[in-house]
1. Residue B:153 - would you say it is more than 12 Å from the chain's Cα centre (by Cα) and either free of Cβ contacts under 8 Å to residues at least 24 places away in the same chain or exposed (fewer than 15 other Cβ atoms within 10 Å of the Cβ) (or both)?
2. Please tell me if residue B:173 is within 14 Å of chain A (Cβ to nearest Cβ), in a helix (DSSP H, G or I) and either surrounded by 22 or more Cβ atoms within 10 Å (Cβ to Cβ) or touching an Asp or Glu at 6+ places or on another chain (Cβ under 9 Å) (or both).
3. When the residues of the range B:176-200 are narrowed to those that are more than 8 Å from chain A (Cβ to nearest Cβ) and surrounded by 24 or more Cβ atoms within 10 Å (Cβ to Cβ), which ends up modelled with the lowest pLDDT?
4. Return the pair list, or none, for Cβ contacts closer than 9 Å from residues in the range A:121-132 that are over 18 Å from residue A:39 (Cβ atoms) to residues that are assigned to a loop (DSSP other than H, G, I, E, B), at least 6 apart or on different chains.
5. State yes or no: is residue A:137 at pLDDT 95 or above and surrounded by fewer than 20 Cβ atoms within 10 Å (Cβ to Cβ)?
6. Which one is modelled with the highest pLDDT, of the residues in the range B:90-121 that are in contact with a strand residue (DSSP E or B) (Cβ under 9 Å, 6 or more places away or on another chain) and surrounded by fewer than 20 Cβ atoms within 10 Å (Cβ to Cβ)?
7. Hey, any hits in the range A:201-210 for a residue that's surrounded by fewer than 13 Cβ atoms within 10 Å (Cβ to Cβ), at pLDDT 90 or above and facing chain B (nearest Cβ under 7 Å)?
8. Let me spell it out: the conditions are (1) part of a helix (DSSP H, G or I); (2) in contact (Cβ under 8 Å) with a residue 12 or more places away in the chain, and residue B:61 meets all of them except one. Which number is the exception?
There are 2 protein chains.
Amino acid sequence: MTYCLGIINRFGIVMGADSRTNAGVDYISAYRKLFDFSVPGDRAILMCASGNLSVTQGMIHELKRDIHNREDINLHSLNSLYDVANYIGDKSRQIQDRDRAWLERDNIDFQCNFLLGGQIKGEDPQLFLIYPQGNHIQATRETPFLQIGETKYGKPILDRTITYDTPLEEMAKCALLSLDSTMKSNISVGPPLYIVMYETDSLHLRHKLQLRLGDPYLAKMRKLWEDYVRQAFEAMPNLEWKYVDEDPSEDIPID
Amino acid sequence: MTYCLGIINRFGIVMGADSRTNAGVDYISAYRKLFDFSVPGDRAILMCASGNLSVTQGMIHELKRDIHNREDINLHSLNSLYDVANYIGDKSRQIQDRDRAWLERDNIDFQCNFLLGGQIKGEDPQLFLIYPQGNHIQATRETPFLQIGETKYGKPILDRTITYDTPLEEMAKCALLSLDSTMKSNISVGPPLYIVMYETDSLHLRHKLQLRLGDPYLAKMRKLWEDYVRQAFEAMPNLEWKYVDEDPSEDIPID
C-alpha cells in the first residue's frame, strides 16, 4: 500500500509520501513515491505515484527519458500544467496498455494513481490527481487537498486543519501528521517519509524533508502529537447521558 | 454506509452506531443499527449491524421472534455468549441463503457484519465480530475494540486513546469522537447516534445515549473537539527541514 497527499492554497503547495511497497505481507520493501522534476526559475513539477510498482517505475523512467529524447512533449517543455497532466495520463495509458492483458490474466492489479503539483512560469500553482484511466481532477479553493493510496486514516486531520488560508508551515506539519496517523493505523504504509514545500510564484522548491525508519525526529514528533491528542481527549468533558433507562430491556426510544 | 464500534476492557463495554442507510446517494434514510436484548440481572446483550438492510432487519426480526417461539435456542436462553455468537452466525447464514441467489443475480451486496457485546451471568463480558460468512472473532486485552462498516476514519482516535485500562467514561467519550470523525469525513455516516455503556458484572446497562440530527449537544461536542484538536495542532512545532536543497532539480537524496 501507499499513502501520498498534496495540499494547495494561496500560499503554495505541500506534498508528501510514504515509501512502503508490499507484494503480500511477506515481501515488503521501500521505494520512492515522490519525485521532483523542477527546473528552478522556470517551473516546479512534483509527482507522487501509487499503485502497481512496475507500472509507476516504468512511468518515471519514460518521463525522464522523454526529457532528453522527445523535445516537443516532456515535463520541461510543456508550457501548462494542465497539458502536463494530460501528458502523464496518456503515458499511464500507454504503459498500462502494454502490460494490462498479461497482468489482468493473473488477476494482478495494474492500476496507478498520480498526484501532480507545481507551477510553470506564467501560470498559477496547480494540483492534479490523475486517475488510472488517465483522466484527471484538480484541487480547488473549496477542496484544497488530494490524496491517493490508503487515504482514509489521514483524512480527519486534513478535514480539521486545512483551509485556503492555512500557512505553508502548518500545511507541512499537517502533511506529516496525516502520514503518521496512516502509518500508525496501517502497517502497509511506512517510512522513509518525504515531504516537500513550494511557495507560490517562487519557481523554486523551498524545502525537502526525508525521514527514515527510526529517525529520532520522527519518533519525537509522533510522541509529541500523541501527547497533545491525549491532552485534547482528556480535556473533553464526559458524555452527558440523556437516557438513563430504568428498564433497559426496552429498546432505546426512537423519539 | 454504516459505522459501528464496540470497545471492551477491564471496566466494561461501550458500543456505538450511526443510523444512516443509503441506497445510492439519492436515497438516504435513518435506521437503527444498535439493539439491546438485555435481561437485567441475568444478561446484557447488545448488537450492532452493518450491511444489507433487508438482511439485517430480517435478522433482528427473527432473533426477536425466536425469544418467544424457540425456547431452546434464543438470545435469552443460551447460557454462553460464545453460543450466542454462533447462533447469530447461523441465523445470518440462513437469511443470506434465502435471499442470496436473487440478490447476487442483480449484483446487490447481501453481506452483513455484526458486533455482539455483553455478559451472561456466570461469564466474563465479551465482545464478538460476526462476519458475513457466519464465523466470528473476539476482542482481546491486546485488541480491545472491534469495528464494522466504514471503519477507517474513526480508527486513529481509538488507536491513540483506548487500552485495557481506559475508564468507562473515557471509552464512551472516545466512541463519540470516533463516530463524529467518521461522520465528518464520510457523508454516508450520520445521526441519530446511539451509544451504550455497560459496567462489568452489573448485568444491567448503565447508560444509553441517543443524539439526533441537529442535537445542540452533538454540535457542542463536535465544536469542542475541533477546537481542542486545533489547539493541539497549533502547539506542535513546525517541521525541522533537513534538506534545504541548493539544487532542487536534483532528486531528494536517498541516503
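1. In short, no.
2. Yes, satisfied.
3. B:189
4. Matching pairs, first to second residue: A:127/A:139; A:127/A:144; A:128/A:139; A:129/A:139; A:131/A:111; A:132/A:110; A:132/A:111.
5. yes
6. B:121
7. No, every residue in the range A:201-210 fails to be surrounded by fewer than 13 Cβ atoms within 10 Å (Cβ to Cβ), at pLDDT 90 or above and facing chain B (nearest Cβ under 7 Å).
8. Looking at each condition in turn, residue B:61 falls short on (2).
The values are calculated or read from the model by the stated rules, or taken from the named source; none is laboratory data. Given the structure is predicted, the values throughout are model-derived calculations rather than measurements. Neighbour counts run over all protein chains shown; Cβ positions are idealised from the backbone, glycine included.
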